[in-house]
1. I need the calculated FRET efficiency for the pair Trp30 and Ile94, taking r as the beta carbon distance and R₀ as 30 Å, to the nearest 0.05.
2. For n ≥ 4 DSSP H runs only, could you compute -39500 (n - 2.57) per run for the chain, divide by its residues and tell me the 222 nm figure to the nearest 500?
3. Within a Cβ distance under 14 Å of Phe97, other residues only, what is the Lys/Arg minus Asp/Glu net charge?
4. On a full-extension model of 0.36 nm per residue, what is the gain between Tyr15 and Leu65, subtracting their alpha-carbon distance, rounded to one decimal in nm?
5. Can you compute the modelled spin-label distance between Val104 and Tyr49, with each label point 7 Å from Cα toward Cβ, in nm?
6. Obtain the nm distance between the two label points defined at Ile87 and Lys22 by a simple spin-label model: each point lies 7 Å from its Cα along the Cα-to-C-beta direction.
7. Based on the alpha-carbon gyration tensor of the chain and its eigenvalue square roots a ≥ b ≥ c, which shape applies: rounded if a/c is under 1.5, prolate if not and a/b is larger than b/c, or oblate?
8. Sort His99, His92 so that the residue with the fewest other Cβ atoms within 10 Å of its own Cβ comes first and the one with the most comes last.
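The numbers here are math on the coordinates, done by the rules we state, and not lab data. All of these numbers come straight from a predicted model, not from anything done at the bench. Don't worry about glycine lacking a Cβ; one is built from the backbone with ideal geometry, like all the others, and counts go over all protein chains shown.
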Amino acid sequence: MNLYALAVGIAVAIYVVMTFRKTKLETSKWAYPLLLSTFPIYYLVFAVYGSDYTALLSELLAGVLFIALSCWAYRLGSFNALFVLAIGYTGHAIYDFGHDALFVNAGAPLWWPEFCGSVDLLIGIYLFVVATSVKMAQGKIA
């Protein structure tokens, strides 16, 4: 486990959330879905960089799921969108942390799973918290 990558990922996640809050991007309908939809692209670039076209196909198939979740969340209402996004980010964190067990992408840096996984997991947890508070504000959770 690369603790430095994990620590930098935590710092990046905090920076992203704080920046989204400060600039009011958090209230936009598109910011978190767009960010989630970019994550699979990194793995595609890594596969091309490593000339690993078997991994490219596998990454493309896995990436479609996260891009589809992003598009679906964009079309949903507030609570549902946040909940789907939280699942998407958390799911991508699981994908990152378990990536090497699924297949090897020759172009992916060794530290990437810890870095990206920690970013994804923290943003996913944050979105679960926000979704829950939106639901409570709507008076639907006692």
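1. Working from the Cβ atoms, E equals 0.80.
2. Rounded to the nearest 500, it is -27000 deg cm²/dmol.
3. Net charge around Phe97: -4.
4. That works out to 15.4 nm of additional length.
5. 1.8 nm
6. Here the answer is 3.3 nm between the modelled labels.
7. prolate
8. Sorted ascending by nearby Cβ count, the order is His99, His92.
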